[in-house]
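A.B. asks: Before I ask anything, here is the structure I am working with.
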Amino acid sequence: MLADKHILLVIAGGVAAYKCLDLIRRLREQGASVRCILTKGGSQFVTPLSVASLSGEKVYSDLFSLTDEAEMGHIRLSREADLVLVAPATADLVAKMAHGIADDLASTTLLATDKPVMIVPSMNVEMWDKPATQRNMATVERDGVLRIGPNSGDLACGEEGAGRLAEVDEIIDGIAGFFSAGTGPLAGKRALVTSGPTHEPIDPVRYIANRSSGKQGHAIAAALRRLGATTTLVTGPTNEADPWGVTVHHIETAEQMMLACTQALPADAAVCAAAVGDWRVATSAKNKIKKNGATPILELVENPDILAGLSVRNENRPQLVVGFAAETENVVAYAQQKRARKGCDWIVANDVSVGTGVMGGDHNKVHLITSNETTAWPTMNKIDVADKLAGLIALHLGAPTTKS
Ligand code: C5P
């Protein structure tokens, strides 16, 4: 996938630096050559010896080393690369990039490079949230730097929140996406994907939601993008990282999801994998409902059906509309009825009954239901389900005929 690509990896001083060792191994497995710059901070977390052993190349650290400069100056280091990757990208190094500071080999190379730069931030959640960091991130992104992550979750510092280094798979995916941009069977096509749950507010602190991790929907958006589609993902609150190269709209309610989907049209294909709340509270309370009053009785009203709305036959209808059906019994029969009722072209039916582990898990067992056949797929990783579905979508859409 990355054959003959030359990657210059800058490893800065973050506790997630150890993940870079695996990253180097995986990049080389994909056919890339990896040359590394290790900052002073980075060398506190991984040794030059382990980086050199895994990359199979000399490791560069010192801006003023006579031998390093003689063998490979900081200018040439990046000139010979196809991509400069910074992982982990610390708050400090990104701040230097934002302000054009060049006071060590890593920052000097980043300032001197004429190659695309991709950063994979990793830091404590408070550092990530600080206005200074957010300003610096916005600045480097405006300057054309590409970013993968960070993810949310447990942080190595013992706290929790945004700031986790993206997983190695996600980094590889982002790099592969960067190199394959504009190619692939879906190049020139537009795809719209919904994912995650919706949160329907009861009051400012409480909400009604469905169970949904967003894993399947996010994987589908990433898979469609990998095949070259210009992809928009409309997602409710999840712990999933924004897939690289996908335009992501974060929403909370079904009505917001509907609006974001409508605004994302036209699309050649739409895949509705979100677990949209069927009902919302008719009038959500402005202030927190107090427990010491009468037990509230919630009046519910029906939410708009996004899948059915996208499936209406008009000039805005995507050529292919795919829905999901999570059922706990009579999975295929119910899903076939749903396909007809919603007016979509395909339904991906999955059994989410207790014990299947599908809900929130990494695997899925689905049936694909089209107008003339129902196919049972074996139990697969959600990423493989997404790849297979994206491949079929590409086949279905056939030759490039994008609406603008
Ligand atoms: O009716 P049900 O919620 O089981 O249908 C599931 C399918 O419909 C999924 O594809 C889901 O994303 C979509 N859906 C929707 N808008 C709703 C409810 C469901 O797009 N309000």
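A.B. asks: Just round it to a whole percent: the fraction of Cα-Cα distances in the chain exceeding 30 Å. It would help to have the intermediate numbers written out before the result.
C.D. replies: Numbers: 38787 of 81406 pairs.
Counting every Cα pair in the chain, those more than 30 Å apart make up 48 percent.
A.B. asks: Something else: Please say if the range 6-180 is rounded, prolate or oblate, where rounded means a/c under 1.5 for a ≥ b ≥ c the square roots of the C-alpha gyration tensor eigenvalues, and otherwise the choice is prolate for a/b larger than b/c and oblate otherwise? Spell out each step's value before the answer.
C.D. replies: Numbers: a/c = 1.44, a/b = 1.27, b/c = 1.13.
Taking the square roots of the gyration eigenvalues as a ≥ b ≥ c, the range 6-180 is rounded.
A.B. asks: Also, I was wondering about something else. Hey, what do the phi angles of the range 371-376 turn into as Karplus ³J(HN,Hα) couplings, whole Hz, using 6.51/-1.76/1.60 and θ = phi - 60°, x for Gly and Pro?
C.D. replies: Result, rounded to whole Hz: 5, 10, 8, 10, 10, 8.
A.B. asks: Could you go through the range 96-102 in sequence order and give the Karplus-derived ³J(HN,Hα) for each residue, using 6.51 cos²θ - 1.76 cosθ + 1.60 with θ = phi - 60°, rounded to whole Hz, and x for Gly and Pro?
C.D. replies: After applying 6.51 cos²θ - 1.76 cosθ + 1.60, I find 5, 4, 5, 10, x, 7, 9 Hz.
A.B. asks: Sum up the charges of everything whose Cβ sits under 14 Å from the Cβ of GLY184, counting Lys and Arg as +1 and Asp and Glu as -1, but leave GLY184 out.
C.D. replies: Working: positive: LYS189, ARG190, ARG225, ARG226; negative: ASP173, ASP268, ASP387.
Around GLY184, the surrounding residues sum to +1.
A.B. asks: Let me ask you something else. When Lys and Arg each count +1 and Asp and Glu each count -1, what net charge do the other residues less than 15 Å away from LEU227, Cβ to Cβ, add up to? Please report the intermediate quantities before stating the final value.
C.D. replies: Details: positive: LYS189, ARG190, ARG225, ARG226, LYS388; negative: ASP173, ASP268, ASP384, ASP387.
Neighbour charge sum, excluding LEU227 itself: +1.
A.B. asks: Taking the C-alpha atoms of the range 287-393, how large are the radius of gyration and the largest Cα-Cα span, Dmax, in Å?
C.D. replies: Values for the range 287-393 (Cα only, Rg and Dmax): 17.8, 57 Å.
A.B. asks: What does the net charge come to around VAL10 if you take all other residues with beta carbon closer than 13 Å to its beta carbon, with K and R at +1 and D and E at -1? Don't skip to the answer; put the middle values down first.
C.D. replies: Details: positive: ARG35, LYS40, LYS96, LYS115; negative: ASP92, ASP104.
Taking every other residue near VAL10 into account, the sum is +2.
A.B. asks: To continue, here is another question. Against the longest alpha carbon principal axis of the chain, how many degrees, from 0 to 90 and to the nearest 10, is the axis of helix 131-142 turned?
C.D. replies: Helix 131-142 and the main axis of the chain meet at about 90 degrees.
A.B. asks: Please give every one of the lysines within straight-line cross-link reach of LYS58, meaning a C-alpha to C-alpha distance under 27 Å, and leave out same-chain neighbours fewer than 8 residues apart.
C.D. replies: Hits, sequence-local ones excluded: LYS5, LYS19, LYS40, LYS96, LYS115.
A.B. asks: Shifting gears a bit: Regarding the range 177-288, what's the average projected area of the Cα-atom convex hull, expressed in nm²?
C.D. replies: On the way: hull surface 28.1 nm².
One quarter of the hull surface, i.e. the mean projection, equals 7.0 nm².
A.B. asks: Report, in whole Å, the centroid distance computed from the Cα atoms of the range 239-263 and the range 327-396.
C.D. replies: Centre-to-centre distance over Cα atoms comes out at 22 Å.
A.B. asks: Which whole-percent values make up P(r) of the range 76-212 when all C-alpha to C-alpha distances are grouped in 10 Å steps starting at zero?
C.D. replies: Taking all Cα pairs of the range 76-212, the binned fractions are 10, 31, 32, 19, 6, 1 percent.
A.B. asks: Per residue and in Å³, how big is the convex hull formed by the alpha-carbon atoms of the range 335-404? The partial results should precede the final answer.
C.D. replies: Working: hull volume 8.8 nm³, N = 70.
In the range 335-404, the Cα hull volume divided by residue count equals 126 Å³.
A.B. asks: Take the alpha carbon atoms of the range 71-139, find their center, do the same for the range 286-309, and report the distance between the two centers in whole angstrom.
C.D. replies: 47 Å
A.B. asks: Starting from the Kirkwood radius over alpha-carbon pairs of the range 190-397, derive D by Stokes-Einstein at 4 °C in a medium of 1.567 mPa s and give it in µm² s⁻¹.
C.D. replies: Working: Rh = 17.5 Å.
After rounding, the answer is 74 µm²/s.
Values in this text are rule-based calculations from the coordinates and carry no lab data. Just so it is clear, the structure is predicted and the values come from calculations on it, not from any experiment. Cβ: placed from backbone, ideal geometry, glycine included. Neighbour counts: every protein chain shown.
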